[in-house]
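Derivation of every value follows stated rules applied to the coordinates shown; laboratory data play no part. This one's a predicted model, so the numbers in the text were calculated from it and none came from an experiment. Heads up, the Cβs are rebuilt from the backbone with ideal geometry, glycines too, and the neighbour counts pull from every protein chain shown.
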Amino acid sequence: MVDTWQHRHILSLSNFTPTDYDTVIRTAVSFRDVLSRRTKKVPTLQGRVVTNLFFEPSTRTRSSFELAAKRLSADVLNFAPGSSSLTKGETILDTAKTYLAMGADLMVIRHKAAGVPHVIATELDRLQSGVGVLNAGDGQHEHPSQALLDLFTLCQVLNPDHPHIDSLQGKKIALVGDIIHSRVARSNLWSLTACGAEVHLAGPGTLLPPGFAQAFQRSPVDPPGLTRRIVQHATLEPALVDADFVMTLRLQQERMTQHLLPSLREYHQQFGLTHDRLKICKPEVKVLHPAPVNRGIELSSALMDDPARSLIAQQVASGIAVRMSLLYLIGTRGRDAVLLDE
Ligand code: ASP
């Protein structure tokens, strides 16, 4: 299954091919089966050490990586910056090297600055450590595991028994809101377009500048026949017309350095999702949000809590199988691996 897997680290989806997405989804399906059993654990990473280095707050991603690593029988170390030697002036690289000296095999890294996981991965490679780094969100740059769990969620909705990336071909997916500050949007742009979906971006001009999509039209690893389809809109309606899925993004107020919106109420009026607004989408349209949600701003509470429309809980659930699959793929790179049982 993993013969074609080349990645030592997962830092960005810009270097993922359709084959990589297919591998992740097929591996996640195997782990979904494991998670449906009474004993939800496999010995795949027994004896390996997974370190969660979260320099920025997180609820879902940190817990999800921790549970995924434990389901694979790894030993897990959780690092909390507030109570660490960072408060005594230790550098981030020295923190990483400390965990390396303890025998870490995999490092899951989140930081508010773009590029930190990349810098750590480069240093670990320079030291020929063999440690794999997974980017769990770096500033506004990327959040690969979030986009991959979104992809798995979509594939499961479209084909519950045999989730497969081909089911995304030709689907219209609206990506709405604070695109410019969103690492989730950037990673999703790479993954959704590589799998054949047509992505329609919509947001106010301050959060979606003209020409934003240009950077995502082509990746050096794209196979010759791949055409990435992205359309930008300054208003919500054209993005919603006939959409199969709508993914709305949190207003990243912690990353806004100036006033970019007249008011939250006006933002909700123009770009907030409600049942009424979705009437112009496909009748079976579903809504995604990476969470945490600002209730009543990105989407109405009624929509968020509507199980017929909202995939938010499924996104969280998909995260475990997808992160198991990423830890497995990076942690074993196909070598002496026990995917399911001994
Ligand atoms: N949890 C996601 C992230 O870390 C989305 C968000 O915070 O809005 O990027």
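Structure above, values below:
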| item | result |
| --- | --- |
| For segment 177-243, convex hull volume per residue from C-alpha positions, Å³ | 82 |
| Volume in Å³ per residue [convex hull over Cα atoms, computed for segment 1-80] | 123 |
| Computed magnitude of the charge dipole of segment 215-342 (debye, nearest 20; Cβ of K, R +1, Cβ of D, E -1) | 320 |
| ARG8 versus ALA113: modelled label distance in nm, points set 7 Å from Cα along the beta carbon direction | 2.3 |
| Volume in Å³ per residue [convex hull over Cα atoms, computed for segment 227-342] | 180 |
| Share, in percent, of DSSP beta bridges within the chain that are antiparallel, nearest 5 | 5 |
| Cα centroid separation - segment 52-109 against segment 175-248, whole Å | 32 |
| Using distinct alpha-carbon pairs, which all enter the 1/r mean, Kirkwood radius of the chain in Å | 20.4 |
| Of the DSSP H helices in the chain, those whose Cα atoms cover at least 20 Å axially and whose Kyte score averages 0.5 or more | 144-158, 312-332 |
| Sites ASP305 and ASN78 - FRET efficiency at Förster radius 45 Å, r taken between beta-carbons, to 0.05 | 0.90 |
| Dimensionless Rg/Rh of segment 1-160 - Kirkwood Rh, Rg from C-alpha atoms | 0.96 |
| When segment 281-330 is reduced to its Cα atoms, the Kirkwood hydrodynamic radius in Å | 12.3 |
| Label-point separation, THR235 to GLU284 (7 Å along Cα→Cβ), nm | 3.0 |
| Choice from ASN159, ASN52, ASN135 with maximal GNM fluctuation in the chain (Cα, 10 Å cutoff) | ASN159 |
| Rg in Å to one decimal, and Dmax rounded to a whole Å, for segment 119-159 via C-alpha atoms | 14.5, 44 |
| For the chain, with +1 on Lys and Arg beta carbons and -1 on Asp and Glu, the positive-most of GLN128, ASN159, GLY205 along the dipole | GLN128 |
| At q = 0.26, 0.27, 0.30, 0.32 Å⁻¹, base-10 log of I(q)/I(0) for segment 70-113 (Debye sum, equal scatterers on each alpha carbon) | -1.11, -1.16, -1.30, -1.36 |
